[in-house]
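Heads up, the thing below is written out as structure tokens.
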Amino acid sequence: MTTAHAWAAPAAHEPFAPFTFERRTLEPQDIRIDILFCGICHSDVHFARAEWGDPHYPAVPGHEIVGRVSEVGTAVTKFKAGDLAGVGCLVDSCGHCHSCGEGLEQYCETGATGTYMSVEKQSGLPTYGGYSDYIVVRENFALKVGHDEANLAAAAPLLCAGITLWSPLRHWKAGPGKKVGIVGIGGLGHMGVKLAHALSAHTVAFTTSPGKVEECHRLGADEVLISRDADQLAAHANSFDLIINTVSASQDLDMFAKLLKRDGTLVLVGAGTEKHIAPDAFTMLMKRRSIAGSAIGGIAETQEMLDFCAEHGITSDIELIGVDKVDVAYDRIVASDVKYRFVIDMATLPTA
Ligand code: NAP
Ligand code: ZN
């Protein structure tokens, strides 16, 4: 075991503070990544503030990790010391079930191991996330990052926000001739707009924030709708192939389902704990509409997304902060006051 330094939540509503813990010694298939940047996902807020249950404090969030490989195990073939590497929400899975066999490790039938909020199989210890100086991970759960060094901080959010939108966009075949809606233009949603546009779908942003309308066009939206304006929504009834809703607050699913054309799909990715307002049966059955959910993405599709983004020059719009600003950042995320993702410069982590 070796000692890692981290920035941890000591309790649900106490400020983050330095914390040290042990990470496992490298096994043959492990690599060690020295973390350069870590994005702040709204999931980190849900986790650290115990909105998803007791996180077993001190809690170390962070699953949008980009860094440099500093050590490799004896059986490692994909990485060498000095390479750039990323880690998203997953660090392990069973590798044998049909979901793992299809490269959909996030749906592992025995439960994938999360970068945080899980127990590490190798040690039986809790997993600790990326608000830390380094991570040890099996090479098969690390991603190649092809972005320029200057864009590494802005690439970090691709590891969760990017893949969480990419996976449903690809699964439901967003592309030319398809009309795609993205609801909630935060960390996830702004990546959804960029990716749907890059996939050549007709892209419509839904926002509650009038101040984001111009920005949504810059991000790639062909049209922007204020989601609290019933008249604006009514003008788009029966027209969408796909709508991806990233909002964690309770949503009126009937209102969004009515915007789908026949066989269209409303995909929920927001992970709040409030119940949604259920759709009317006739809204669903008269046009064979579907409501679905989607969780992050598998390792292969995460690599596909990272390669696509590197090739097309796609990154996240970020605000780079030091660890001392994490508490303020959490409050601003809850207030929808960030354009569009906070990323922590891990060089600011105290390691003395
Ligand atoms: P975020 O940056 O806070 O963005 C959420 C956006 O939702 C806000 O920017 C805001 O956009 C809109 N919004 C906020 N409150 C709202 C309300 N009361 N009514 C309507 N719209 C509201 O959060 P995020 O990091 O994108 O994450 C969003 C959710 O996805 C979280 O619950 C997170 O845990 C979850 N998540 C799920 C997965 C998955 O695998 N499915 C992965 C990552 C995260 P506007 O200002 O444009 O309205
Ligand atoms: Zn996330």
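The values are calculated or read from the model by the stated rules, or taken from the named source; none is laboratory data. All values derive from a computational prediction rather than experimental measurement. All Cβ positions, glycine included, derive from the backbone under ideal geometry; neighbour counts span all protein chains shown. In case anyone asks, the SASA skips ligands and DNA or RNA and just uses the protein heavy atoms, side chains included. Shrake-Rupley method; radii C 1.70, N 1.55, O 1.52, S 1.80 Å.
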Kindly evaluate residue 46 against the criterion of being of a type outside the set (A, V, I, L, M), open to solvent by less than 50 Å² (accessible area, probe 1.4 Å), modelled with pLDDT of 95 or more and outside any strand (DSSP E or B). yes
Given the conditions (1) open to solvent by 20 Å² or more (accessible area, probe 1.4 Å); (2) in a helix (DSSP H, G or I); (3) within 21 Å of residue 336 (Cβ to Cβ), every one holds for residue 170 apart from (3)
Restricting the range 50-82 to residues that are without any contact (Cβ under 8 Å) to a residue 24 or more places away in the chain and of a type in the set (D, E, K, R), the one nearest to residue 161 (Cα to Cα) turns out to be 54
Flagged in the range 46-82 as among the charged types (D, E, K, R) and either more than 15 Å from residue 138 (Cα to Cα) or in contact with a Gly (Cβ under 8 Å, 6 or more places away or on another chain) (or both), in numbering order, are 49, 51, 54, 64, 68
Residue 65 passes all but one of the listed conditions (1) within 16 Å of ligand 2 (Cβ to nearest atom); (2) open to solvent by 10 Å² or more (accessible area, probe 1.4 Å); the exception is number (2)
When the range 322-339 is checked residue by residue, the ones that are open to solvent by 20 Å² or more (accessible area, probe 1.4 Å) and farther than 26 Å from residue 167 by Cβ are 324, 325, 327, 328, 331, 332, 335, 337
Cβ pairs under 8 Å, 6+ apart or interchain, first in the range 280-291 and over 11 Å from residue 265 (Cβ atoms), second open to solvent by 70 Å² or more (accessible area, probe 1.4 Å) and of a type in the set (Val, Ile, Thr), ordered by first then second residue, are none
Per the list (1) in contact with a helix residue (DSSP H, G or I) (Cβ under 8 Å, 6 or more places away or on another chain); (2) within 14 Å of ligand 1 (Cβ to nearest atom), residue check on residue 220 breaks on (2)
Residue pairs within 7 Å by beta carbon, gap of at least six or interchain, first lying in the range 155-177 and outside the structural domain of residue 193 (by TED's automatic domain parsing), second open to solvent by 10 Å² or more (accessible area, probe 1.4 Å) and more than 13 Å from ligand 1 (Cβ to nearest atom), listed first then second, are 155/145; 155/147; 155/315; 156/37
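Could you run through the range 340-352 and say how many residues are part of a helix (DSSP H, G or I) and open to solvent by less than 30 Å² (accessible area, probe 1.4 Å)? Quick ask: steps written out before the conclusion?
Step one: of the range 340-352, the residues part of a helix (DSSP H, G or I) are 346-348.
Those left that are additionally open to solvent by less than 30 Å² (accessible area, probe 1.4 Å): 346.
Going through the range 340-352 one residue at a time, the tally reaches 1.
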Scanning the range 1-28 for residues that are of a type in the set (D, E, K, R), part of a loop (DSSP other than H, G, I, E, B) and farther than 20 Å from residue 334 by Cα gives 24, 27
Of those in the range 88-102 that are within 16 Å of ligand 1 (Cβ to nearest atom) and over 18 Å from residue 38 (Cβ atoms), the residue surrounded by the most Cβ atoms within 10 Å (Cβ to Cβ) is 93
### Task
Tell me, please, whether a residue that is in contact (Cβ under 8 Å) with a residue 24 or more places away in the chain, surrounded by fewer than 18 Cβ atoms within 10 Å (Cβ to Cβ) and part of a strand (DSSP E or B) can be found in the range 312-319.
yes
When restricted to 76, 72, 119, the only residue under 22 Å from the mean Cα position of the chain (by Cα) and surrounded by 13 or more Cβ atoms within 10 Å (Cβ to Cβ) is 119
If we ask which residues in the range 144-166 are surrounded by fewer than 24 Cβ atoms within 10 Å (Cβ to Cβ) and either closer than 24 Å to residue 271 by Cβ or within 14 Å of ligand 1 (Cβ to nearest atom) (or both), their number turns out to be 1
Considering residues that are assigned to a loop (DSSP other than H, G, I, E, B), more than 14 Å from ligand 2 (Cβ to nearest atom), modelled with pLDDT of 95 or more and crowded, with 20+ Cβ neighbours inside 10 Å, the number found within the range 52-62 is 2
#### Entry: Boolean, residue 85 is touching a residue at least 24 places away in the same chain (Cβ under 8 Å), in contact with a helix residue (DSSP H, G or I) (Cβ under 8 Å, 6 or more places away or on another chain), open to solvent by less than 10 Å² (accessible area, probe 1.4 Å) and outside any loop (DSSP other than H, G, I, E, B)
no
